[in-house]
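Single-structure report; data block below.
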Amino acid sequence: MSFINYNAKEIHCKIVYYGPSLGGKTTNLQWIYQKSVAQDRSDLVELPTDVERTLFFDFLPMEIGEIRGFKTRFHLYTVPGQVVYDASRRLILKGLDGVVFVADSQAERMEENLQSLRNLELNLEQQGYELRNLPLAIQYNKRDLPNALPIAELRNTLNPYNAPDFEGRAREGVGVFEALRTASKAIITTLKGGEI
């Protein structure tokens, strides 16, 4: 849940990038970090494991605007994709405000996408959240690869909530800011409906 810093007049929101290992979560965050204005972001922190990386940083996107005089700062996190790091995933999900699910469009990765989506739902339920009630954006990454499944098939299989979804090529920045912007705006809409 959002944290309000009354002294700084800021609302801190947490967006978690979730998905299968090597699906493009890290590439999304790296692209956002490289393209965001240095004065509006913190350092990019990387917590490497043996086979994966967890990244996080926060930034203040000026175009989002204010809510009752408060600026909104977003903290962006990736989770490790490997199943062995499930405890880390659950920890990173604590206090989240929204999710960007990064799916790998390759046909041979569909089962891993489904496992990751089910794992996300389970981990959220254990913390009292329901994915259908959270701001969610889905990015179908790696659309440029020859074995990428049709969007209709990906959408039918991986988007039971009819969440906003985007085609992505994270290495080129395609679909990266669209997914982030959609999740951010949904969080802002939720916040505007509540009391500060």
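The values are calculated or read from the model by the stated rules, or taken from the named source; none is laboratory data. Fair warning: this is a prediction, and the values are worked out from it, not measured in the lab. Note that each Cβ is placed from the backbone with ideal geometry, even for glycine, and that neighbours are counted across all protein chains shown.
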Q | Filtered residue count, the range 88-117, keeping only those that are farther than 26 Å from residue 149 by Cα, free of Cβ contacts under 8 Å to residues at least 60 places away in the same chain and in a helix (DSSP H, G or I) | A | 3
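Residues are listed down the side, and each one gets a yes or a no for (1) aliphatic (A, V, I, L, M); (2) touching a helix residue (DSSP H, G or I) at 6+ places or on another chain (Cβ under 8 Å); (3) in a helix (DSSP H, G or I):
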position	(1), (2), (3)
162	no, no, no
166	no, yes, no
177	no, yes, yes
185	no, yes, yes
192	no, no, yes
Q.
Residues that are over 23 Å from residue 30 (Cβ atoms) and either outside any helix (DSSP H, G or I) or among the hydroxyl-bearing types (Ser, Thr, Tyr) (or both): does the range 118-125 have at least one?
A. no
Q: Could you list, in sequence order, all residues of the range 124-152 that are hydroxyl-bearing (Ser, Thr, Tyr) and under 18 Å from residue 180 (Cα atoms)?
A: 140
Q | Selection within the range 135-160 - assigned to a loop (DSSP other than H, G, I, E, B) and more than 14 Å from residue 106 (Cβ to Cβ) | A | 135, 159, 160
Q. Taking into account only those residues within the range 1-45 that are outside any helix (DSSP H, G or I), under 17 Å from the mean Cα position of the chain (by Cα) and of a type in the set (S, T, N, Q), which is surrounded by the fewest Cβ atoms within 10 Å (Cβ to Cβ)?
A. 36
Q: Kindly indicate whether residue 184 is under 22 Å from residue 13 (Cα atoms) and buried (at least 20 other Cβ atoms within 10 Å of the Cβ).
A: yes
Q: Identify all residues within the range 48-82 that are modelled with pLDDT of 70 or more and not in a loop (DSSP other than H, G, I, E, B); write none if there are none.
A: 66, 67, 70, 71, 72, 73, 74, 75, 76, 77, 78
Q: Could you tell me whether any residue of the range 88-111 is within 18 Å of the chain's Cα centre (by Cα), over 26 Å from residue 162 (Cα atoms) and modelled with pLDDT under 90?
A: yes
Q: Please go through the range 69-87 and pick out each residue that is under 20 Å from residue 187 (Cβ atoms), surrounded by fewer than 20 Cβ atoms within 10 Å (Cβ to Cβ) and either among the hydrophobic types (A, V, I, L, M, F, W, C) or within 11 Å of the chain's Cα centre (by Cα) (or both).
A: 70, 75
